[in-house]
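Trainee: Sharing a structure below in structure tokens format, with a few things to ask.
The values are calculated or read from the model by the stated rules, or taken from the named source; none is laboratory data. The structure displayed is predicted, hence computed values, not measured ones. Because the Cβ atoms are built from the backbone with ideal geometry, glycine has one as well, and the counts that use them run over all protein chains shown. We work out accessible area using only protein heavy atoms, side chains counted, and drop any ligands, DNA or RNA first. Shrake-Rupley method; radii C 1.70, N 1.55, O 1.52, S 1.80 Å.
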Amino acid sequence: MLFHTVREDLLRKAVELGGATSDVIEAAAEAMRAELRPGVDAVICTCSTIGAAADIANSGSHQPVLRIDRPMARESVRSADRILVLATVVTTIAPSVALLEAEARKAGQNPVIESIVLDKARALFLTGATEDYLDAVAEGISAAALNADVVVLAQASMAAALPRVGKTGARVLTSPRIGFIGALEILAPGVSWETRGENVTSPSE
């Protein structure tokens, strides 16, 4: 069974402060620890802006606290020479790039990592124009794919725009599917979850 807890206050605070400060990260880590109730097998952080909090909460925990974007980052650095990170919220860029750089070091890779913030898409999202928002994200993906080997969608919610994107010359990676498969591989090792991807569902952000 999957439960989805939304803490808009943490992201709102990070945006107001221009980034996830140490206080925001610690508050997020404490919120994740609080979710480790009896019967909970794992906690997955779906917000890249506060993703570092999952690593803090995971240290010393008997149950895994995971970042949904880490498997995506790991996959993106395997063979790409140039990675372009797309986000609609500027506070997502720094933690996403830092995660990519960390995974690249682990893999012995040295890709060029660049980033773009889709301000137009964010403005449309804030007005509630969901369809226009998704169109703007799709346009951003198509443009980014012209100048990268891999396009990384830094926010899980951006994945909903993928069906609106035509064929591209670059791989476009999103965190929901890859992230949940990564979590399942930790919780149930030995099962080939990759071949059962059509049965993996994720909450919308």
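Trainee: In the stretch 33-67, which residue that is of a type in the set (D, E, K, R) and not in a helix (DSSP H, G or I) is surrounded by the most Cβ atoms within 10 Å (Cβ to Cβ)? Can you show your working first?
Mentor: Kept after step one, since they are of a type in the set (D, E, K, R), are these residues of the stretch 33-67: 33, 35, 37, 41, 55, 67.
From the residues that got through so far, the ones that are not in a helix (DSSP H, G or I) too are 35, 37, 41, 67.
Numbers: 35: 16, 37: 9, 41: 12, 67: 26.
Looking at residues that are of a type in the set (D, E, K, R) and not in a helix (DSSP H, G or I), I get 67.
Trainee: How do the strands (runs of 3 or more DSSP E) wholly within the stretch 102-178 filter down when requiring 2 or more residues that are without any contact (Cβ under 8 Å) to a residue 24 or more places away in the chain and hydrophobic (A, V, I, L, M, F, W, C): which remain? Reasoning before the result, please.
Mentor: Details: elements: 112-117, 150-153, 171-173.
Those strands (runs of 3 or more DSSP E) do not exist here; none qualify.
Trainee: Look at the stretch 11-30 and say how many of its residues are assigned to a helix (DSSP H, G or I), closer than 13 Å to residue 92 by Cα and either in contact (Cβ under 8 Å) with a residue 60 or more places away in the chain or touching a Cys at 6+ places or on another chain (Cβ under 8 Å) (or both).
Mentor: Number satisfying all stated conditions: 3.
Trainee: A further question follows. Evaluate the following for residue 183: is it open to solvent by less than 10 Å² (accessible area, probe 1.4 Å) and farther than 10 Å from residue 84 by Cα? Reasoning before the result, please.
Mentor: Details: open to solvent by less than 10 Å² (accessible area, probe 1.4 Å): yes; farther than 10 Å from residue 84 by Cα: yes.
When the stated conditions are applied, residue 183 passes them.
Trainee: Scan the stretch 110-136 residue by residue and report those that are touching a strand residue (DSSP E or B) at 6+ places or on another chain (Cβ under 8 Å) and open to solvent by less than 30 Å² (accessible area, probe 1.4 Å). Reasoning before the result, please.
Mentor: The first filter runs over the stretch 110-136 and keeps only residues touching a strand residue (DSSP E or B) at 6+ places or on another chain (Cβ under 8 Å), leaving 111-118.
Of everything in the stretch 110-136, those that are touching a strand residue (DSSP E or B) at 6+ places or on another chain (Cβ under 8 Å) and open to solvent by less than 30 Å² (accessible area, probe 1.4 Å) turn out to be 111, 118.
Trainee: Any chance the stretch 25-32 includes a residue that's surrounded by 19 or more Cβ atoms within 10 Å (Cβ to Cβ) and within 29 Å of residue 112 (Cβ to Cβ)?
Mentor: Yes: the stretch 25-32 contains one or more residues that are surrounded by 19 or more Cβ atoms within 10 Å (Cβ to Cβ) and within 29 Å of residue 112 (Cβ to Cβ).
Trainee: Quick check, is residue 88 in contact (Cβ under 8 Å) with a residue 40 or more places away in the chain, in contact with a Phe, Trp or Tyr (Cβ under 7 Å, 6 or more places away or on another chain) and open to solvent by less than 10 Å² (accessible area, probe 1.4 Å)? Write out each step before concluding.
Mentor: Numbers: in contact (Cβ under 8 Å) with a residue 40 or more places away in the chain: yes; in contact with a Phe, Trp or Tyr (Cβ under 7 Å, 6 or more places away or on another chain): yes; open to solvent by less than 10 Å² (accessible area, probe 1.4 Å): yes.
So residue 88 fits the description; yes.
Trainee: Residue 178: buried (at least 20 other Cβ atoms within 10 Å of the Cβ), of a type in the set (Val, Ile, Thr) and at pLDDT below 95, yes or no?
Mentor: In short, yes.
Trainee: Oh, and also: Against the definition (under 17 Å from the mean Cα position of the chain (by Cα), surrounded by 15 or more Cβ atoms within 10 Å (Cβ to Cβ) and among the acidic types (Asp, Glu)), how does residue 103 come out, yes or no?
Mentor: On the way: under 17 Å from the mean Cα position of the chain (by Cα): yes; surrounded by 15 or more Cβ atoms within 10 Å (Cβ to Cβ): yes; among the acidic types (Asp, Glu): yes.
Here the answer is yes, as residue 103 does meet what is asked.
Trainee: Can you name the residue in the stretch 1-11 that is of a type in the set (D, E, K, R) and surrounded by 11 or more Cβ atoms within 10 Å (Cβ to Cβ) and, of all such residues, is nearest to residue 42 (Cα to Cα)?
Mentor: Looking only at the stretch 1-11, we keep the residues that are of a type in the set (D, E, K, R), and these are 7-9.
Among the residues that remain, those that are also surrounded by 11 or more Cβ atoms within 10 Å (Cβ to Cβ) are: 7, 9.
Details: 7: 17, 9: 22 Å.
The extreme case among them is 7.
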